[in-house]
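Reviewing the structure listed below.
The values are calculated or read from the model by the stated rules, or taken from the named source; none is laboratory data. This structure is a prediction, so every number in the text was calculated from the model and none was measured. Here the Cβ positions follow ideal geometry from the backbone for every residue, glycine too, while neighbour counts run over all protein chains shown.
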Amino acid sequence: MRRFFIEISYNGANYSGWQSQDNAKSVQETIQIAAIKVLRQDTEIVGSSRTDAGVHALHQIAQLDFEPNDRLDQIVFKLNMALPDDISILNIYEVHANAKARFEAISRSYRYIVSKRKNPFWVGRSLYHYGNLDLIKMRECAEIIKRKTDFQAFSKVQTQVNNFICHIHEAEWIEKDGFVFFEIKANRFLRGMVRGLVGTMLDVGKGKTTVDQFKEIFNLKDRKKAGENAPACGLYLTKVDYPAEIRI
C-alpha cells in the first residue's frame, strides 16, 4: 500500500470531535466511511491532531494508505461528493511509506475568534463577547506564553501524556474589523490547552484576573487556578507543517 496525506477542512459543530468514538459522530469516522466507499478498499485514516467536540479545522492533515484506482484529483472530487457539506477534502498527495501524520508534524497552528459585534453569520463559528476587552493586558499575557514551556495548568486533568512541555513559536492577539483573533503556533498542544489559555486571557481582558496572576498560574501547575475553557465554537486548527522531505 502507498501512503498519502490528505488535507481536510471541516466545520466541527455537528461532530463529537476528530477522533472516532462509540455512540457519537466524529470527523475521522465520517471520512473513513467515505474513503472506503470511494476507494473500494479497507483503509484507516489517522489524523495529525485530535480536535475536540465543536472545534473547526481550516487545515487538518490525515494519513491514508491505499492503491489509487483513479487520478488523485478525481479521488478528491469523489470523496467530496460522498462527504457531507461540513467536511471538505482540499488535496491529496503522496508521502514516504513510513511517514506519520501525527508524530512527524513540526508545528501546529490554531486561531481563536472573538466577535465584538453580534453577527448572525458567525453564530457557532466564533465567540460573541459584548463589552470592552483590555487588549494591552491580553497581549502582555501572549508575551508571557511565548516564554513558557510547561503548560500543565492549562491541560485537561485526565489526559495520557508523558509531559506537559510545549515550545511556543508564536502567540499574539490581533484586532481587525470587529473581531479579535488569538493566533498561536507550537510544536505540540495539550488537550484543552488553547481554550484554557484563551479563557484565562479573556478573564484578564475583562479585569477579573491580573497579568501577574496569569503569570503565577503557570507556576502553580493547577488547572483549577486557570479560567474556564473558552467555548469550542471559536477555535480553529489552521495549519499543520511537516518537513519538506516527507513528500514524494
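Annotation: of all residues in segment 70-103 being more than 17 Å from GLY47 (Cβ to Cβ) and polar (S, T, N, Q), the one that is farthest from the chain's Cα centre (by Cα) is GLN74.
Looking at PHE218, PHE181, PHE214, can you tell me which residue is closer than 20 Å to SER115 by Cβ and surrounded by 14 or more Cβ atoms within 10 Å (Cβ to Cβ)? Step through it out loud before you land on a result.
Working: PHE218 fails: closer than 20 Å to SER115 by Cβ; PHE214 fails: closer than 20 Å to SER115 by Cβ.
None of the other options fit; the residue is PHE181.
Consider segment 107-130 and keep the residues that are hydroxyl-bearing (Ser, Thr, Tyr) and free of Cβ contacts under 8 Å to residues at least 40 places away in the same chain. The one that is nearest to GLY205 (Cα to Cα) is TYR130.
Within segment 199-210, is even one residue assigned to a strand (DSSP E or B) and surrounded by 14 or more Cβ atoms within 10 Å (Cβ to Cβ)? Give the derivation first.
As a first pass, look at segment 199-210 and keep what is assigned to a strand (DSSP E or B): none.
No, segment 199-210 contains no residue that is assigned to a strand (DSSP E or B) and surrounded by 14 or more Cβ atoms within 10 Å (Cβ to Cβ).
Taken residue by residue, segment 222-239 has no member that is farther than 20 Å from ARG50 by Cα, touching a Lys or Arg at 6+ places or on another chain (Cβ under 6 Å) and of a type in the set (Val, Ile, Thr). What is the residue count in segment 6-61 for residues that are more than 21 Å from GLY234 (Cα to Cα), touching a helix residue (DSSP H, G or I) at 6+ places or on another chain (Cβ under 9 Å) and among the hydrophobic types (A, V, I, L, M, F, W, C)? Final tally of qualifying residues: 9. Among the residues making up segment 1-60, those that are farther than 14 Å from ALA101 by Cβ, under 13 Å from the mean Cα position of the chain (by Cα) and hydroxyl-bearing (Ser, Thr, Tyr) are SER9, TYR10.
Hey, among ALA62, ALA53, which residue is modelled with pLDDT of 95 or more and among the small types (Gly, Ala, Ser)? Walk me through how you get there before you give the answer.
On the way: ALA53 fails: modelled with pLDDT of 95 or more.
Unique residue meeting the criteria: ALA62.
Show me the strands (runs of 3 or more DSSP E) entirely contained within segment 51-138 in which 1 or more residues are in contact with a Gly (Cβ under 9 Å, 6 or more places away or on another chain), of a type in the set (Val, Ile, Thr) and closer than 24 Å to GLU175 by Cβ. Give the derivation first.
Values: elements: 56-66, 87-95, 107-115.
Strands (runs of 3 or more DSSP E) meeting the threshold: 107-115.
Here LYS156 fulfils each of the conditions (1) surrounded by 14 or more Cβ atoms within 10 Å (Cβ to Cβ); (2) modelled with pLDDT of 95 or more; (3) among the basic types (Lys, Arg) apart from (2). Scanning segment 89-105 finds no residues that are buried (at least 18 other Cβ atoms within 10 Å of the Cβ), over 24 Å from ILE248 (Cα atoms) and in contact (Cβ under 8 Å) with a residue 12 or more places away in the chain. The criterion of being surrounded by 15 or more Cβ atoms within 10 Å (Cβ to Cβ) and either out of contact with any Asp or Glu (no Cβ under 7 Å at 6 or more places or on another chain) or at pLDDT 95 or above (or both) holds for PHE151. Scanning segment 9-40 for residues that are surrounded by fewer than 16 Cβ atoms within 10 Å (Cβ to Cβ) and farther than 21 Å from GLY124 by Cα gives GLN21, ASP22, ASN23, ILE33, LYS37, ARG40.
Of all residues in segment 115-173, exactly one satisfies the criterion of being farther than 22 Å from TYR236 by Cα and of a type in the set (Gly, Ala, Ser), namely GLY131. Within segment 68-83, track down each residue that is modelled with pLDDT of 95 or more, surrounded by fewer than 14 Cβ atoms within 10 Å (Cβ to Cβ) and either charged (D, E, K, R) or in contact with a Ser or Thr (Cβ under 7 Å, 6 or more places away or on another chain) (or both). Residues satisfying the conditions are ARG71, ASP73. Residues that are under 30 Å from LEU90 (Cα atoms), touching a Gly at 6+ places or on another chain (Cβ under 7 Å) and at pLDDT 95 or above do occur in segment 233-240.
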